[in-house]
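For reference, the structure is listed below as structure tokens.
Nothing in this text is a laboratory measurement; each read-out follows from the coordinates by a stated rule. These numbers come from a predicted model, not from an experiment. Glycine gets a Cβ as well: all are built from the backbone with ideal geometry, and neighbour counts include every protein chain shown.
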Amino acid sequence: MRISKQLSVLLVNKPGRLANVLSALSKEKVHCLAMSVMDAGASGTLRIVPDNLDAATKVLERQNIRFEVADVLLAPIPAQNGALSRVCERLAAEHMNIDYVYCALGSQNKSKGGAMVVIKVNDLAKAGRVLSETGGATRRRLPGRRPVHAR
């Protein structure tokens, strides 16, 4: 589990825009550890976690593409049913709101057969501690609290 830098890019929703950005990053040997694209009508938001932040920002600057940098948490989750929901439950039990979450491109947790997710919360250090002390997706009930999904 680690805190990483994420780049958010607003792209015009036209054929080839995403391909151009990804191609430029590839030419400079920038590997995307995680990526998400969300449509918002005439534009879309590309979020990437590059393996080399400096190289990635230089590529975007050369293409005159504006971007924002944010800290995100890369967290391993096991390849089992309900693993991501348990991560979300742990954070909710600690009164942490998830701004967004998306999956990484390929597992960096290959030895355990799991995957990685990108999580954006307001307190990444606390989220990292909460998920580390419970093994990420393992279930641990807190006294007097019900699971978020219980009615």
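Using Cβ contacts closer than 10 Å as the measure, can you line up R17, R129, R90 from fewest to most?
R129, R17, R90
For segment 55-94, what number results from the quotient of the Cα radius of gyration and 2.2 N^0.38 Å?
Relative to the rule-of-thumb radius for its length, segment 55-94 sits at 1.88.
Got a sec? Which residues in segment 1-35 would a label at N122 touch, if it sits 7 Å along Cα→Cβ and we count backbone N under 17 Å?
None, by backbone N distance to the label point.
Long-range amide H contacts for M116: which residues qualify at under 5 Å (H placed 1.01 Å from N, peptide plane, sequence gap of 5 or more or a different chain)?
For M116, the qualifying residues are I77, A104, Q108.
Past 25 Å, Cα to Cα: identify those pairs from K5/K58; K58/K126; K5/K126, in the order given.
Going by Cα-Cα distance, K58/K126 fall outside the 25 Å limit.
Note down the nm distance, to one decimal, between modelled labels 7 Å out along Cα→Cβ at H31 and at T45.
Going by the 7 Å Cα→Cβ label model, 2.7 nm.
For segment 2-71, what is the convex hull (Cα atoms) projected area averaged across all directions, in square nanometres?
In nm², the orientation-averaged hull projection of segment 2-71 is 4.4.
Could you tell me what % of all Cα pairs in segment 72-133 have separations over 12 Å?
It works out to 65 percent of all Cα pairs.
For L33, what residues show an amide H to amide H distance below 5 Å, using hydrogens built from the backbone and excluding near sequence neighbours?
Under 5 Å from the amide H of L33 lie the amide H atoms of V49, D51, each far enough along the sequence or on another chain.
Which distance in nm do the two modelled labels at R17 and A79 give, with both placed 7 Å along the Cα-to-Cβ direction?
Those two pseudo-labels are separated by 3.5 nm.
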